[in-house]
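The structure appears right after this line, and notes come after that.
The values are calculated or read from the model by the stated rules, or taken from the named source; none is laboratory data. Values in this document were obtained by computation on a predicted structure and should not be read as measured data. Cβ: placed from backbone, ideal geometry, glycine included. Neighbour counts: every protein chain shown.
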Amino acid sequence: MLLHDQHFRGVENLLYEWARAVDENRVEDICGLLHDEGRYRVQSRFNADRGLPHCLMDAQSAAQLRDRIKSMRLANIYEPQHYRHMVSGVQIVGGDGALLQVRSNFLVVRTLDLDGDMKVFAAGQCEDVVDVGGAQPLFRSRHFKLDSRVVETLMVIPL
């Protein structure tokens with residue numbers, strides 16, 4: 001338990017920095033918070049609970065996530081929008097050495113830039129594995145489990 005207490009603030013700040021980078025349109029910065037071989041997934045809780053593999057987003061490395069973001073910036077056409085994250089209930093629920101299992105809740109409000117329309121876009125639980133063995137904590141994996149089976153529209157921006 002001491003290891004968990006020792007690293008809690010660093011883990012919490014890592015989660016907050018991810019959310020802030022997305023919210024401030026610094027999405028490229030999240031790739032630096034993910035280990036090179038880290039995995040990033042956004043999946044419905046329905047599929048996750050049943051062991052079904054389908055995900056809305058699934059990047060098997062930081063490089064794949066970087067490519068997805070580059071595509072978002074250069075190739076995708078979508079209505080200008082931004083997110084605002086609310087993160088709560090951060091807990092370190094287990095760990096093995098320098099790898100900690102972390103659980104948190106998230107709520108994402110999406111605002112469309114043109115008309116200012118705001119809606120709850122995504123809510124659920126995130127299950128992370130955080131490596132605290134290096135100079136700074138890094139995600140080894142991020143698994144966003146959406147409470148809903150659908151999103152209102154195309155998910156272009158990573159959560």
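Can you tell me which residue is surrounded by the most Cβ atoms within 10 Å (Cβ to Cβ) among those in the range 135-149 that are touching a residue at least 60 places away in the same chain (Cβ under 8 Å) and in a loop (DSSP other than H, G, I, E, B)?
PRO137
Restricting attention to the range 104-138, report how many residues are of a type in the set (Asp, Glu) and within 18 Å of GLN6 (Cα to Cα).
Taking the range 104-138 and keeping what is of a type in the set (Asp, Glu), we get 113, 115, 117, 127-128, 131.
From what is left, the residues that are within 18 Å of GLN6 (Cα to Cα) are 128, 131.
Residues in the range 104-138 being of a type in the set (Asp, Glu) and within 18 Å of GLN6 (Cα to Cα): 2 in total.
Considering each residue of the range 1-36, count those that are touching a strand residue (DSSP E or B) at 6+ places or on another chain (Cβ under 7 Å) and not in a loop (DSSP other than H, G, I, E, B), and give that number.
Filtering the range 1-36 down to residues touching a strand residue (DSSP E or B) at 6+ places or on another chain (Cβ under 7 Å) leaves 3-4, 7-8, 11-12, 14-16, 19, 22-23, 25, 33-35.
Next, only the ones that are not in a loop (DSSP other than H, G, I, E, B) stay: 3-4, 7-8, 11-12, 14-16, 19, 22-23, 33-35.
Number satisfying all stated conditions: 15.
Given the condition out of contact with any Ser or Thr (no Cβ under 9 Å at 6 or more places or on another chain), closer than 16 Å to VAL156 by Cα, surrounded by 17 or more Cβ atoms within 10 Å (Cβ to Cβ) and of a type in the set (Gly, Ala, Ser), answer yes or no: does some residue in the range 15-28 qualify?
yes
When you scan the range 90-97, do you find a residue that is part of a helix (DSSP H, G or I), of a type in the set (Val, Ile, Thr) and either touching a strand residue (DSSP E or B) at 6+ places or on another chain (Cβ under 8 Å) or modelled with pLDDT of 95 or more (or both), even just one? Talk me through it step by step, then tell me what you get.
Our first condition is that a residue be part of a helix (DSSP H, G or I); within the range 90-97, this holds for none.
So far as the range 90-97 goes, no, none of its residues is part of a helix (DSSP H, G or I), of a type in the set (Val, Ile, Thr) and either touching a strand residue (DSSP E or B) at 6+ places or on another chain (Cβ under 8 Å) or modelled with pLDDT of 95 or more (or both).
Just wondering, is there one or more residues in the range 126-134 that are closer than 14 Å to ALA48 by Cβ, among the charged types (D, E, K, R) and surrounded by fewer than 21 Cβ atoms within 10 Å (Cβ to Cβ)?
Scanning the range 126-134, I find at least one residue that is closer than 14 Å to ALA48 by Cβ, among the charged types (D, E, K, R) and surrounded by fewer than 21 Cβ atoms within 10 Å (Cβ to Cβ), so the answer is yes.
With ALA48, ALA75, ALA62 as the choices, which residue is buried (at least 17 other Cβ atoms within 10 Å of the Cβ) and within 23 Å of THR153 (Cβ to Cβ)? Please lay out each step first, then the result.
On the way: ALA75 fails: buried (at least 17 other Cβ atoms within 10 Å of the Cβ); ALA62 fails: within 23 Å of THR153 (Cβ to Cβ).
The conditions single out ALA48.
Could you check ASP58 against (1) free of Cβ contacts under 8 Å to residues at least 40 places away in the same chain; (2) of a type in the set (D, E, K, R); (3) in contact with an Asp or Glu (Cβ under 8 Å, 6 or more places away or on another chain) and say which number it fails?
It fails just one condition, (3).
Check whether at least one residue in the range 37-56 is part of a loop (DSSP other than H, G, I, E, B) and of a type in the set (Gly, Ala, Ser), and report yes or no.
Scanning the range 37-56 turns up at least one residue that is part of a loop (DSSP other than H, G, I, E, B) and of a type in the set (Gly, Ala, Ser).
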